[in-house]
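The values are calculated or read from the model by the stated rules, or taken from the named source; none is laboratory data. Note that this is a predicted model, so its numbers are computed, not measured. Note that each Cβ is placed from the backbone with ideal geometry, even for glycine, and that neighbours are counted across all protein chains shown. Accessible surface areas use protein heavy atoms only, side chains included; no ligands, DNA or RNA. Shrake-Rupley method; radii C 1.70, N 1.55, O 1.52, S 1.80 Å.
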Amino acid sequence: MMEHRELLEEICTFLQKGRAKNVAELVQQAVDEGISAEVILNDALLKGMGIIGEKFKNNEVYVPEVLIAARAMNQGTAILKPLLASDGVQAVGKVVLGTVRGDLHDIGKNLVRMMMEGKGLEVIDLGVDVPPEKFVETAKEEHAQIIGLSALLTTTMVEMKNVVDAAVAAGIRDNVTIMVGGAPVTDAFCKSIGADAYTSDATSAAEYACKVCTA
C-alpha cells in the first residue's frame, strides 16, 4: 500500500509543477495498479490543485503556474472520467459559469472554473458575453445549484442585476445561489443587486461554491 501512497504523492507533485505528460502516465499507472479512480482524483489530482489554489491565494504562485497545473489536472481527469462514471462517482455539485453580456474578459472566469473543477465541481462554462436568459435557462435545464457571474468592466456590472432579475422571473431564484466576482465588483454591490455571494479571488469562489453544494 505504501507504493500506492508514494505514487499518489508523485502525481500530486508533478501536477503542481504542471508536468502534464508525467501526470497522465502516472495516473494510468495508478489505474493499472488497481487504485480506484476516486482515490486518484481526491488524493492526487484534487489535492495537488488544492495546494496550487492556496499558493495562488497567498501570491506564492501566479496565473501561468495555475494554468499549467490545471492543464496537467485535465490530462489526469480525462483518463479517470469514464472510470468515475462507471463507479457512479457524482460531482460535488454543478455550477453554470460565464462572463456577463457585453464583457469579453475571460482570464478571471477561467481561473474560477479551474479552481472549481479542482474542488470536484462540475462546471458548465458558457464563455463570455453571455445574456441573462442563457445563464438562467442553462441553470434550469442542468439543475445547477450555482450561477457564477464574472465582469471586469464597471459598465457591464449592471448585467449581473439582470441575471438576478431573470432568475426571479423564471421562478428559479430560490433554487440557485448567484455568485458574483471580478475586479470592479464588491460585496456591497453584490448585496445591492440581490445576489448571494461575492468572493475576491478564484480560490475563495471555489471554496464557497463547495460549501453551498455540500450544505
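Report yes if E3 is open to solvent by 40 Å² or more (accessible area, probe 1.4 Å) and either within 18 Å of C210 (Cβ to Cβ) or modelled with pLDDT of 90 or more (or both), otherwise no. No. Does at least one position in region 103-120 carry a residue that is outside any loop (DSSP other than H, G, I, E, B), touching a His at 6+ places or on another chain (Cβ under 8 Å) and closer than 20 Å to T138 by Cα? Looking for residues that are outside any loop (DSSP other than H, G, I, E, B), touching a His at 6+ places or on another chain (Cβ under 8 Å) and closer than 20 Å to T138 by Cα, one finds none in region 103-120, hence no.
Restricting to region 130-164, what's the tally of residues that are under 12 Å from G98 (Cα atoms), open to solvent by less than 20 Å² (accessible area, probe 1.4 Å) and assigned to a loop (DSSP other than H, G, I, E, B)? The qualifying residues number 1. In summary, P64 fulfils each of the numbered conditions (1) within 16 Å of the chain's Cα centre (by Cα); (2) closer than 24 Å to G181 by Cβ; (3) surrounded by fewer than 18 Cβ atoms within 10 Å (Cβ to Cβ) with the single exception of condition (1).
Pairs meeting the criteria (first residue in region 139-165 and more than 15 Å from V180 (Cβ to Cβ), second residue charged (D, E, K, R), beta carbons under 8 Å, at least 6 apart or on different chains) are E142/K94; H143/K94; A144/K94; Q145/K94.
Regarding region 182-202, can at least one residue be identified that is under 22 Å from A91 (Cα atoms), in a helix (DSSP H, G or I), out of contact with any Cys (no Cβ under 8 Å at 6 or more places or on another chain) and at pLDDT below 95? Looking through region 182-202, at least one residue is under 22 Å from A91 (Cα atoms), in a helix (DSSP H, G or I), out of contact with any Cys (no Cβ under 8 Å at 6 or more places or on another chain) and at pLDDT below 95. The set of residues from region 96-123 being basic (K, R) and within 13 Å of the chain's Cα centre (by Cα) comprises K109, R113, K119. Tallying residues that are open to solvent by less than 40 Å² (accessible area, probe 1.4 Å) and in contact with a strand residue (DSSP E or B) (Cβ under 8 Å, 6 or more places away or on another chain) within region 69-93 yields 1.
Candidates in region 165-205 are the residues that are of a type in the set (S, T, Y) and open to solvent by 10 Å² or more (accessible area, probe 1.4 Å); of these, the one that is nearest to I51 (Cα to Cα) is S204. Residues of region 61-84 include at least one that is closer than 23 Å to D201 by Cβ, out of contact with any helix residue (DSSP H, G or I) (no Cβ under 9 Å at 6 or more places or on another chain) and not aliphatic (A, V, I, L, M). If a residue has to be of a type in the set (A, V, I, L, M) and more than 9 Å from L15 (Cα to Cα) to count, how many in region 56-73 make the cut? Looking only at that region, the number is 4.
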